[in-house]
Structures are given as structure tokens and as C-alpha cells.
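Chemist: Have a look at the structure that comes next, please.
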Amino acid sequence: MGLKTPQLNYKAYAYKNKNYPLEIIDETINLVKGSNGEYVAPKGKILLKINYASINPVDYKLYHVKPAFLKFINDKQGFGRDFSGQVISIGSNTDTEVKVGDFVQGIYTPILASGSCSQYLLLDPKNSPITTKPTNIDLAKAASWPLVLGTAIGLLKDLPLKDSKVAVLGGATSVGRYVIQLAHNGGAREIVTTNSPKNAELLTELGATHQIDYRKHPNFLPQFLESVKETGEFDYIIDCYGGTQLFPEINHILKKGGAYHTIVGDAGGHGFAALVGSIKSSLRMISSNLGLIDYHYQISLLDNNGGWIYGARDLIQEDKVKIFIDSIYPFEDLKDAVAKLESGKADGKILIEVDKPVA
Ligand SMILES: NC(=O)c1ccc[n+]([C@@H]2O[C@H](COP(=O)([O-])OP(=O)(O)OC[C@H]3O[C@@H](n4cnc5c(N)ncnc54)[C@H](OP(=O)(O)O)[C@@H]3O)[C@@H](O)[C@H]2O)c1
């Protein structure tokens, strides 16, 4: 493996489609020759050496559904989106604030392409957010936050938080923990969460003012109606887990003109139920856009343009949000890491140590 040759050979995780195993394969990046005779990243691209990757539910969801015909587009489907590592080379005309040698973190966003569980990555910063690592965290922590904090920032974008009453469904999910912290920092008056008791104390520390145990109350509609009776309707419902429990009485729970933002839609998981759920939530979003319902309903997706990543980095540098890591798995043990993530019991982010950083 070396940069003095036109080809960089390295190991990465990949699969063909849902009928094939996820395995370590040999990969190659073709480099170009720079003016000083060295091989450098192509125009507009950044070449990175990866130290840590973190995995997200989107990775295994895609693995379960990727149909066989898509192998014609990409038969080396990668795994993992978030990464941390070091900048090796920057191609000409690359619009970026990072420099060669910088330690960085970010999100590799192209979906039907390689992934961050890979020793090297070549990315285009126009559509893959990347920034320098805050100096107060290590490279493992650096790989843990980009996708989930970026998603939380998108969920709350343009919502005035001061004195608001906010619900965070799935408050203990990795995204939910950041939503709670951002709502609290923004001055929300009340933050009601659904979560199991195991993280009750933690969520209180982050800013939750009232918690509903989703295990005891899988249909938490009565608990929300009770909350409305006590302290009024909600300004915002931020859904980080998926579900439909509140819709039968939504006009009594959410203020007229309020917002219901979700990153999952009506049903989580995969298969037929997920398909029906996503059709129903898409129809609701169309109704909202046409002004046919009394609140703003939005299925929120991560913004790949990435202007938000600089503000997110500052939040971490200034200790305004806490980072949560469930576990770090060796590169060879990605399958165990995926099993833990799929169990729905991860307590924060699951990381893959692709290459231990030099002390
Ligand atoms: N649209 C987007 O751009 C986008 C971006 C990121 C994530 N997502 C989606 O958002 C969801 C959350 O992702 P994540 O990475 O934040 O999750 P995660 O960290 O894997 O969430 C795990 C946590 O979920 C909680 N949980 C389990 N069952 C629950 C239930 N019935 N109700 C509420 N909470 C429950 C558990 O916490 P407790 O048991 O302690 O409560 C568990 O610790 C996934 O479906 C993911 O695909 C979408």
C-alpha cells in the first residue's frame, strides 16, 4: 500500500446486494500525478486515511433491501457513513477548509457507492460534509457525531425554540440525545421524551423535563393528552424513532401552526410495513405542503451540502453538546457491531476502529 504508485490498494467492507455477505474486499483508488511528481487526489476530491467509522441504521436497512439489479450500478456496496482520519491529499480546485495533514471527521454521503468502513476514502466535499476535528475530542469520538448531530440540527432548523414545548419521540436514540440538548440550549420551556427507564437520569441531565416509558406505554397517546391538560399543547413534535401513536388526536396535541418533524416516518424497520408506513407519511407531507392539515409535517433528511458541519463542530469544541459512544469494535468484527446496532439496544454510537491512530 503506498502513495508513490498510481494505484492505492487497500481493504474495505462491501457487499453486492442483499443476497451476498458483507465482507472485507480488496479495493483500489486510481490517483493522478501532481506537479511535484507525487500522486495526488484527483481534481475536486480529498483523499483520506480512515481511523474510525461509525455505523448507522441506514447501513443495515440498505443491506436488507438492496435489490440484485443494483449490482449493475455498484457491485461493491460499501458500509458506514461517518468517518474520522487524516487528510492525505487534496486535488486541485477543491473547495474545502481542510488542509493536508489535518485530522478531520465527516460523512461520506453517496449511497450507492463505497462506505466509511474502509482504510481509505476519496470524497467530494461538495456533497460529503467534512471539517477539522475539534481539539477537545479524540479521533474515536470524532467519528461518532457527524450524521446524528447533523440530522438533529436539520430536525430543528428554523424552529424558534425559546419558551417552546417540545416532544422528542425516541429521546435516547443517538439523534434524540442531540435533539434534546439543542432544544434545551435553545431555551425550550418543556421537553417531553419517550424513552425506556435505563437512560432516564441521563436524559434529565441533557434537558428532558418529563419522560414517558415507551415500554410501559407503547401507545403513549393518553400520556400526551395528560401533558396537554397540564401544561398546554406542544409547539413541536420531533420524531427520532417512528410511529403513529399521536395522530388520532394530533389536533389536540400539537398547536395549530406547530411542526411535526420525523426522520423515520410512520413505521421503522424494513419490509412491507415500512413501505406502507413511508407511503402514509409521504401522503401526510403532501397534505402539509398543500395546506390541508393544521400543522407542518416534514420527513427530514440529512443535508448533504454540509454548511451545518462547521456550526456542529463549534458546538463540540465549546462543550455545548455531549457525545455518546456505545462501543468500539475492531475492523474485523463489523458483523458483531451490526448485530448490536440491529438489536436496537445501542446506547449511543457504535464505532469501528479501522486503523488505530498513532499516539
Ligand atoms: N432521515 C435521516 O436523515 C436519518 C438520520 C439518522 C437516523 N435516522 C433514523 O432514525 C432512527 C434512529 O437512529 P439512531 O442512530 O439515532 O438510533 P440508535 O442510536 O440506534 O437508537 C437506539 C436507541 O433507540 C431507543 N429505542 C428503542 N426502541 C424504542 C422505542 N420503541 N421508542 C423509542 N425509543 C426506542 C433505545 O433507547 P432507550 O431504550 O434507552 O429508550 C436505544 O438505545 C433510525 O430509524 C434511523 O434509520 C434517519
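The values are calculated or read from the model by the stated rules, or taken from the named source; none is laboratory data. All values derive from a computational prediction rather than experimental measurement. Cβ: placed from backbone, ideal geometry, glycine included. Neighbour counts: every protein chain shown. Note: accessible area is taken over every heavy atom of the protein model, side chains too, but ligands, DNA and RNA are not part of it. Shrake-Rupley method; radii C 1.70, N 1.55, O 1.52, S 1.80 Å.
Chemist: Just to verify a result, which residue in region 227-246, among those that are more than 16 Å from the ligand (Cβ to nearest atom) and of a type in the set (A, V, I, L, M, F, W, C), is nearest to GLY176 (Cα to Cα)?
Modeler: Among residues in region 227-246 that are more than 16 Å from the ligand (Cβ to nearest atom) and of a type in the set (A, V, I, L, M, F, W, C), the one nearest to GLY176 (Cα to Cα) is PHE234.
Chemist: Related question: Return the residues of region 308-359 that are more than 15 Å from the chain's Cα centre (by Cα), more than 16 Å from the ligand (Cβ to nearest atom) and of a type in the set (Lys, Arg); say none if nothing qualifies.
Modeler: Scanning region 308-359 gives LYS320, LYS335, LYS356.
Chemist: Just one of (1) open to solvent by 10 Å² or more (accessible area, probe 1.4 Å); (2) within 25 Å of VAL148 (Cβ to Cβ) trips up ASN251, so point out which.
Modeler: All conditions pass for ASN251, except number (2).
Chemist: Among the residues of region 160-180, which ones are closer than 13 Å to LEU202 by Cβ, within 6 Å of the ligand (Cβ to nearest atom) and not in a helix (DSSP H, G or I)?
Modeler: Scanning region 160-180 gives ALA172, THR173.
Chemist: A follow-up question, please. Keeping to region 11-39, report how many residues are in a strand (DSSP E or B), open to solvent by less than 70 Å² (accessible area, probe 1.4 Å) and at pLDDT below 85.
Modeler: Qualifying residue count, region 11-39: 2.
Chemist: Only one of ASN305, ASN219 is in a loop (DSSP other than H, G, I, E, B), loosely packed, with under 14 Cβ neighbours inside 10 Å, within 16 Å of the ligand (Cβ to nearest atom) and touching a residue at least 40 places away in the same chain (Cβ under 8 Å). Can you tell me which?
Modeler: ASN305
Chemist: Considering only region 48-92, how many residues are among the basic types (Lys, Arg) and either within 24 Å of LEU341 (Cα to Cα) or not assigned by TED's automatic domain parsing to the domain that holds PRO330 (or both)?
Modeler: Of the residues in region 48-92, 4 are among the basic types (Lys, Arg) and either within 24 Å of LEU341 (Cα to Cα) or not assigned by TED's automatic domain parsing to the domain that holds PRO330 (or both).
Chemist: Could you run through region 287-301 and say how many residues are open to solvent by 90 Å² or more (accessible area, probe 1.4 Å) and not in a loop (DSSP other than H, G, I, E, B)?
Modeler: Of the residues in that region, 1 qualify.
Chemist: Which residues, taken from region 181-204, are away from the ligand (no atom under 14 Å from the Cβ) and surrounded by fewer than 17 Cβ atoms within 10 Å (Cβ to Cβ)?
Modeler: ASN185, GLY186, GLY187, ARG189 - these are the residues of region 181-204 that are away from the ligand (no atom under 14 Å from the Cβ) and surrounded by fewer than 17 Cβ atoms within 10 Å (Cβ to Cβ).
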